[in-house]
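Reading through the structure tokens given below for one structure.
The values are calculated or read from the model by the stated rules, or taken from the named source; none is laboratory data. Keep in mind it's a predicted model, so treat the numbers as computed, not measured. Positions of Cβ are generated from backbone atoms using ideal geometry, with glycine treated the same way; all protein chains shown enter the neighbour counts.
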Amino acid sequence: MSQSSSRPAPSLTSSDLFAAFDALTPGQARARGSAKWTERPNAVISAWVAEMDLGTAPAVTAALRHAVDDALFGYMPTPVWRACRSAVIDFHRDSFGWDIPEEDVSLLPDVLSSLRAIISRMTRPGSPIIAPTPAYMPFLRIPGALDREVIEVPALRGDGVSAPVWSLDLEGIETAMAAGAGLLMLCNPWNPVGRVLSAAELDAVAELSAKHGVIVFADEIHSSLVLPGGAQHICYASRPGADPALTFTATSASKGWNIPGLHCAQLIASGQARARFNADPLCSSLPGSASILGAIATTAALAEGRGWNEAVREYLRGTLETITGRLNGIDGASVTMPEATYLTWIDFSGALADGRITGAPAEFLEREAGVSMNEGVTFGSDYAAFCRLNLATGRGIADEAADRITAALA
Ligand SMILES: Cc1ncc(COP(=O)(O)O)c(C=O)c1O
């Protein structure tokens, strides 16, 4: 079996990477054939689904190439999942100061499969599920598919210097918990608003969870995309107040290294939560569905691809600063610079109010500007005036997206 560490990947400097990203054109991005660039054929610029146009770390590509050469396409060998588990533990210790015992980590095919299984098997039958909104779209659909009610708790919107500052409505969450909710879906960093939740917010959630006996599903898939020079990600389960019996963390290298199609995420749970998860036939079957190539890629990403991820975050920060500045210059649009992720959450209320946008804003801007974004209402019923714009692309493409939106609203 090939060991990626024995065959080092070529190293690229940040300036090589940035030059390659800057040079990317929409034609090249489309020719690669990603879902992002091919599923919306009418768009000139595709900026919707959360994929990056920036490739992945050379260490990941090299590890996958070796696996392909060795036709390593079978079932998961023990050394492969163990190496992946060690890489996950090392990454969390080094990046977030959280020491995780080995037995607390298991592989998953993806984050959402664990959310489905935990809702259906670990929560009180029939109990509603809390989604702080705006929420990653499947959070609003999955409970309904499992015959559960979703309680949307809209974020508090504070006034920032040029754009809103989003925070959890803890009172609203408590009301939903007191009404019998079984689980809170806590997305941190928060897609789509890009917030990194503070220790105080996490501690308040932990207190409420313990008080009302509500499970917290901490989705930390975006933790490897915190932008440099600002907030520091804190793992919910690492907070002293988070009750292990009520806490599940799901994470993945899929966002930070752009490998969601390889299907390997991780579930971190300890104590009673881990015991219940392992004892349940549906939950305990999930590790067996993680992909061998995903585990190999994840190990390479977390063990050898951190430099690439750092460079990408630096590049994203520059793009996000430039483009949020440009979008805030448009009369009738307002957007907050994210602390993490490559996603921007744009409020077009002004342009809707004065009639420059008519109808659903993402549909309007795909038609009039050629820029394909996600419709705000899919993130929660309060957000019909919003769009989510994905800026994980070359600077030239991001600039063209801003040019086109600006021109459509002139
Ligand atoms: C917050 C969040 N959770 C989960 C997912 C999907 O993860 P997976 O493909 O591992 O199910 C995404 C994808 O964009 C996401 O943004």
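Values for this structure:
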{"item": "Positions within the range 26-43 being under 19 Å from ARG367 (Cβ atoms) and either within 16 Å of the ligand (Cβ to nearest atom) or crowded, with 16+ Cβ neighbours inside 10 Å (or both), in sequence order", "result": "PRO26, ARG30, LYS36, TRP37, GLU39, ARG40, ALA43"}
{"item": "Residue check for GLU207: under 30 Å from ALA311 (Cβ atoms), surrounded by fewer than 23 Cβ atoms within 10 Å (Cβ to Cβ), among the charged types (D, E, K, R) and more than 17 Å from the chain's Cα centre (by Cα)", "result": "no"}
{"item": "Test: residue in the range 115-137 that is in contact with a helix residue (DSSP H, G or I) (Cβ under 7 Å, 6 or more places away or on another chain), among the hydroxyl-bearing types (Ser, Thr, Tyr), within 22 Å of ARG388 (Cα to Cα) and in the same structural domain as PRO281 (by TED's automatic domain parsing)", "result": "yes"}
{"item": "Total residues in the range 78-99, condition crowded, with 21+ Cβ neighbours inside 10 Å and more than 16 Å from LEU293 (Cα to Cα)", "result": "2"}
{"item": "Residue check for ALA273: surrounded by fewer than 21 Cβ atoms within 10 Å (Cβ to Cβ), among the hydrophobic types (A, V, I, L, M, F, W, C), over 13 Å from the mean Cα position of the chain (by Cα) and more than 11 Å from the ligand (Cβ to nearest atom)", "result": "no"}
{"item": "Qualifying residues in the range 139-159 (those that are closer than 27 Å to GLN232 by Cβ and surrounded by 14 or more Cβ atoms within 10 Å (Cβ to Cβ)) - the one modelled with the lowest pLDDT", "result": "ARG157"}
{"item": "Any hit, the range 184-191, residues being more than 16 Å from the ligand (Cβ to nearest atom), among the hydrophobic types (A, V, I, L, M, F, W, C) and within 19 Å of ALA242 (Cα to Cα)", "result": "no"}
{"item": "Close pairs (8 angstrom Cβ cut-off, 6 or more residues apart or separate chains): under 15 Å from THR13 (Cβ atoms) in the range 303-330, at pLDDT below 95 and in a helix (DSSP H, G or I) anywhere", "result": "TRP308/LEU17; ALA311/SER14; ALA311/LEU17; VAL312/LEU17; GLU314/SER14; TYR315/SER14; TYR315/LEU17"}
{"item": "Filtered residue count, the range 271-293, keeping only those that are touching a residue at least 24 places away in the same chain (Cβ under 8 Å) and out of contact with any Ser or Thr (no Cβ under 8 Å at 6 or more places or on another chain)", "result": "10"}
{"item": "GLY261 vs. criteria buried (at least 21 other Cβ atoms within 10 Å of the Cβ) and within 12 Å of the ligand (Cβ to nearest atom)", "result": "no"}
{"item": "Selected residue (criterion: farthest from the chain's Cα centre (by Cα)) from residues of the range 78-133 that are assigned to a loop (DSSP other than H, G, I, E, B) and closer than 24 Å to ALA155 by Cβ", "result": "SER127"}
{"item": "Selected residue [more than 16 Å from the ligand (Cβ to nearest atom), closer than 29 Å to PRO228 by Cα, modelled with pLDDT under 95 and hydroxyl-bearing (Ser, Thr, Tyr)] from SER167, SER86, SER162", "result": "SER162"}
{"item": "Test set (1) outside any helix (DSSP H, G or I); (2) within 16 Å of the ligand (Cβ to nearest atom) - LEU302 fails condition number", "result": "(1)"}
